[in-house]
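Input: a single structure, listed below in structure tokens.
The values are calculated or read from the model by the stated rules, or taken from the named source; none is laboratory data. In this text the structure is predicted, and so the values were computed from the model without any measurement. Cβ sites come from the backbone with ideal geometry, for glycine too, and all protein chains shown count toward neighbours.
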Amino acid sequence: MQHGHSADADLLEQALQAARHILPDQGPIGVFIHHNTLHAFQHLRFHDAVQEAASLTGARPYLDLHEFRAAFHAGRIDETDLAAAIHSHLGESANEEIFPTLTRFQLWRHLMLEETAISNQAELDWQFQSATAAEHALMHAAQEWVTRLLPLPYEKPLYRRHAEVLRALGTGDSDAVVHDELIRWCAAFLDQGQALTPMPGRDLGFLQAVALMYEAGVGSPRGCPGAAEDFHAIASNKTPPHTVIRACLHDLGIEEPEFISFVSATA
């Protein structure tokens, strides 16, 4: 049993070190300095680094399609730049005809710049049912042509954390609630003299300092019922941070082999 606990501790420490490598290694500073927030990915090409970091952290790496369209129509993106980007991605296939008189480049350009009126199979079926005879014949011919094309690869969404599932289900964003609280406590803990009163217990470390504040009467944050009671127990028992993290991972159903991937995605 002792050996198992030691292995568990090693895996947890590896997970924390992996997350530390992803996060910018920077504390409070007195003057402005440059820091590469993608330093953990700087061995990659820029766009590869941005996308890998986004995949790992869940951050949004680029503007969404509507924002890019607005920038194009406002003149911030030039026609030649758009054409160069499409040709760079499609290569020689850009000039292939996928319909008579319609090249792959023209189709991509249209899809990138124009809103499509059909977003699912039900709307497509309705369009077929409500079409005139001439429109129906044209749509049927187009559908037959499209079915001969190679299908696009489809990747099922990968949910790495519970918060991502909650967002996908539309039941709220637990990250937003937790981050709001963390930002306030981190600002108080890392204060360098700007606050009127320093945060008590900072010499005990971040976890115990926050626990003391809850024990002194701070209530649970909105959206986190029971947090105050948990921190009361941490303060009373002087529970070490690694023990708290391990207990939280256990409560979330995270197995030891998943420690590194889950904690890194949470960073």
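Can you name the residue in region 171-228 that is modelled with pLDDT under 95 and β-branched (Val, Ile, Thr) and is also farthest from the chain's Cα centre (by Cα) among such residues?
THR197
Give me the pairs: first residue in region 47-71 and free of Cβ contacts under 8 Å to residues at least 12 places away in the same chain, second residue part of a loop (DSSP other than H, G, I, E, B) and of a type in the set (Val, Ile, Thr), beta-carbon distance under 7 Å, and six or more apart or on different chains, which are they?
Final answer for the pair search is ALA71/ILE77.
If you scan region 92-106, which residues turn out to be of a type outside the set (A, V, I, L, M) and surrounded by 16 or more Cβ atoms within 10 Å (Cβ to Cβ)?
Within region 92-106, THR103, ARG104, PHE105, GLN106 meet the criteria.
Which residues, counting only those in region 253-262, are in a loop (DSSP other than H, G, I, E, B) and either touching a Lys or Arg at 6+ places or on another chain (Cβ under 6 Å) or on the phi < 0 side of the Ramachandran plot (or both)?
Passing the criteria: ILE254, GLU255.
Quick check on this structure: which one of ASP180, ASP230, ASP191 is more than 22 Å from HIS21 (Cβ to Cβ) and in contact with a Gly (Cβ under 9 Å, 6 or more places away or on another chain)?
Being more than 22 Å from HIS21 (Cβ to Cβ) and in contact with a Gly (Cβ under 9 Å, 6 or more places away or on another chain) holds for just one of ASP180, ASP230, ASP191, which is ASP180.
Inspect all residues belonging to region 132-153 and state whether any of them is of a type in the set (Val, Ile, Thr), at pLDDT 80 or above and over 20 Å from PHE262 (Cα atoms).
Checking region 132-153: at least one residue is of a type in the set (Val, Ile, Thr), at pLDDT 80 or above and over 20 Å from PHE262 (Cα atoms).
Tell me whether region 89-100 contains one or more residues that are under 25 Å from the mean Cα position of the chain (by Cα), over 30 Å from VAL263 (Cα atoms), in a helix (DSSP H, G or I) and of a type outside the set (D, E, K, R).
The answer is yes; a qualifying residue exists.
On the basis of being assigned to a loop (DSSP other than H, G, I, E, B), modelled with pLDDT of 80 or more, touching a helix residue (DSSP H, G or I) at 6+ places or on another chain (Cβ under 7 Å) and surrounded by 10 or more Cβ atoms within 10 Å (Cβ to Cβ), does ILE77 make the cut?
yes
Looking only at region 253-267, which residues are surrounded by fewer than 17 Cβ atoms within 10 Å (Cβ to Cβ) and free of Cβ contacts under 8 Å to residues at least 24 places away in the same chain?
Once the filter is applied, which keeps residues that are surrounded by fewer than 17 Cβ atoms within 10 Å (Cβ to Cβ) and free of Cβ contacts under 8 Å to residues at least 24 places away in the same chain, region 253-267 yields GLY253, GLU255, GLU258.
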